[in-house]
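Report on the structure given below.
The values are calculated or read from the model by the stated rules, or taken from the named source; none is laboratory data. Just so it is clear, the structure is predicted and the values come from calculations on it, not from any experiment. Here the Cβ positions follow ideal geometry from the backbone for every residue, glycine too, while neighbour counts run over all protein chains shown.
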Amino acid sequence: MNLYSKKQRWKIVLLLAAILIAFGTIWYTSYIASKVQKEERQKVKLWSETIRKKADLVKLTNQSFSALAEEERKKVELHERATKEMEKDLSDYTFPLDIVKSNTTIPLILVDDKGYISSSVNIDNNHPDTLQKYIQDWALDGNLIEVKNQKIYYRNSDSFYDLQVKRDSLIASFNNDLVDNSALVPVIFIDANSKKLIATNIEDVELTSTAQIEKQIALMESENLPIQINLDEENTGKIYFQESLTLKQLRYFPYIMLSIITLFLFVGYLLFSTFRRAEQNQVWVGMAKETAHQLGTPLSSLMAWLEILKSQGVEESSLVEMNKDIVRLETVSDRFSKIGSLSKKEEVNVYDVIDHSLDYLKSRVSKKVQISIQCDDKTIYPLLNISLFEWVIENLTKNAVDAMAGEGEIIYTVFKENQSVIIEVSDTGKGIPLSKLKTVFEPGYTTKKRGWGLGLSLVKRIIEEHHNGKITVKHSQIDKGTTFRIVL
């Protein structure tokens, strides 16, 4: 198993581990959130029962208040009837007199049909101005009974107003208990008939308009059914509630944390990947310059020996072949020196560069390998560094020959597409497995028992970094061949 197969397996293992950790975190948090939600619902249930009991108390107080008001009004009416009876010529005034005397709590002022005050009951200050002030105030309150030729102005008893104060205090306490409970979930208490907001403990949302209230109610109603509260026969309220902010935060916490961790790991990966590539570039540059340096010494020596052999009359044909190899070594040395530095490019005929490079290789590969160039337009001039680009052609050709085991066909197809120059290199070799397509350009990838696996990595570096181009595997099929695509 080579380095990239191991790396791929480790990637899968780490990915599965990350998925398990993420799934476990989300599941456990959801489990805790469901428990908190159950506890909240239980609290709301207990709280709503308490609220119902308080509402029943308010309702009972309202009923008592209404009954007392009705009873006192009937007392006033009875007092008026008794007064009328006393004006008649009766043999016995005991019964109406007892009725009049029985009223010791309700202040009354009787006014005749001419507007004069005829009498008053249960009023300490009977000054006319004071009585007139009482008449005006009580009339505004609606405490007036009109009979045939008389008007009765009255005020409810002190017991009535004491009960009213207690009722109002009880209602205020009910509303405060509704919104002031610190353990309570967000609630809205509205009048069911008028849709008017009565009380709420929500402070972070503006609830000043009917539309805002209805929007918040719809949101709460989508989570929980409202609790109906009857304060009396006419007034009915509804309590809407939703999950607490803490519970919502708990639900989203694992996703936020996983997002932050993922972002942190991604940024860390980019940083370390950048540093790793920079280190690799330094290694590439160092190795390339060192190789060029190391080749320089034997090259100088070989050129000197070639001159000595010429002077000794060695056969010319042998010297010509030796000179070709020296030139070849000089080319290799030049390539290594350029791979580690900024290379100079020039407009050249790409067909001529490919043809020249292939001419050198045709005599050095098996005769069973057919190499050809297909190019309709032989006047395509991209910007190339000839020495480095020929290195690309040689590496791709040698890889293709190795893939075909020294027998098959290699076709170079050159054409223009929009503003790009396309070069496709096709062979009839054994092909590349689908799982290996992403790693063929990585340093160290090789299918041969011997070799460093640097050929395609070097090709990619030359095309992308020195020519601003791109090289990809266009398609590959096992036992049928592979096509590489270069875009310049």
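Just checking, how many residues over the range 331-358 are more than 15 Å from LEU384 (Cβ to Cβ) and at pLDDT 80 or above? Count: 1.
Every residue, every condition in (1) in a helix (DSSP H, G or I); (2) free of Cβ contacts under 8 Å to residues at least 12 places away in the same chain; (3) small (Gly, Ala, Ser), yes or no:
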position	(1), (2), (3)
ILE354	yes, no, no
SER357	yes, no, yes
LEU361	yes, no, no
SER366	no, no, yes
GLN370	no, no, no
GLN374	no, no, no
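Among the residues of the range 308-364, those identified as among the basic types (Lys, Arg) and within 60 Å of the chain's Cα centre (by Cα) are ARG328, ARG335, LYS338, LYS344, LYS345, LYS362.
Looking at TYR351, is it surrounded by 14 or more Cβ atoms within 10 Å (Cβ to Cβ) and out of contact with any strand residue (DSSP E or B) (no Cβ under 7 Å at 6 or more places or on another chain)? Against the criterion (surrounded by 14 or more Cβ atoms within 10 Å (Cβ to Cβ) and out of contact with any strand residue (DSSP E or B) (no Cβ under 7 Å at 6 or more places or on another chain)), TYR351 does not qualify. Scanning the range 311-341 for residues that are exposed (fewer than 15 other Cβ atoms within 10 Å of the Cβ) and not in a helix (DSSP H, G or I) gives GLN312, GLY313, VAL314, GLU315, SER341. Of note, SER372 does not satisfy the criterion of being surrounded by fewer than 19 Cβ atoms within 10 Å (Cβ to Cβ) and in contact with a Gly (Cβ under 6 Å, 6 or more places away or on another chain).
Pairs meeting the criteria (first residue in the range 457-476 and farther than 12 Å from VAL440 by Cα, second residue among the acidic types (Asp, Glu) and assigned to a helix (DSSP H, G or I), beta carbons under 8 Å, at least 6 apart or on different chains) are LYS470/GLU464. Annotation: of all residues in the range 204-249 being modelled with pLDDT under 80, of a type outside the set (S, T, N, Q) and part of a helix (DSSP H, G or I), the one that is nearest to VAL185 (Cα to Cα) is LEU245. Can we say GLY268 is surrounded by 11 or more Cβ atoms within 10 Å (Cβ to Cβ), without any contact (Cβ under 8 Å) to a residue 40 or more places away in the chain and within 30 Å of ARG461 (Cα to Cα)? No; evaluated as a whole, the condition is false for this residue. One residue alone among LYS38, LYS7, LYS45, LYS53 is under 30 Å from SER435 (Cβ atoms), modelled with pLDDT under 80 and surrounded by fewer than 16 Cβ atoms within 10 Å (Cβ to Cβ), and that residue is LYS7. Residues of the range 171-202 being at pLDDT 75 or above, of a type outside the set (D, E, K, R) and surrounded by fewer than 14 Cβ atoms within 10 Å (Cβ to Cβ), which ones? Result: ASN193, SER194. Here TYR412 fulfils each of the conditions (1) at positive phi; (2) at pLDDT 90 or above apart from (1).
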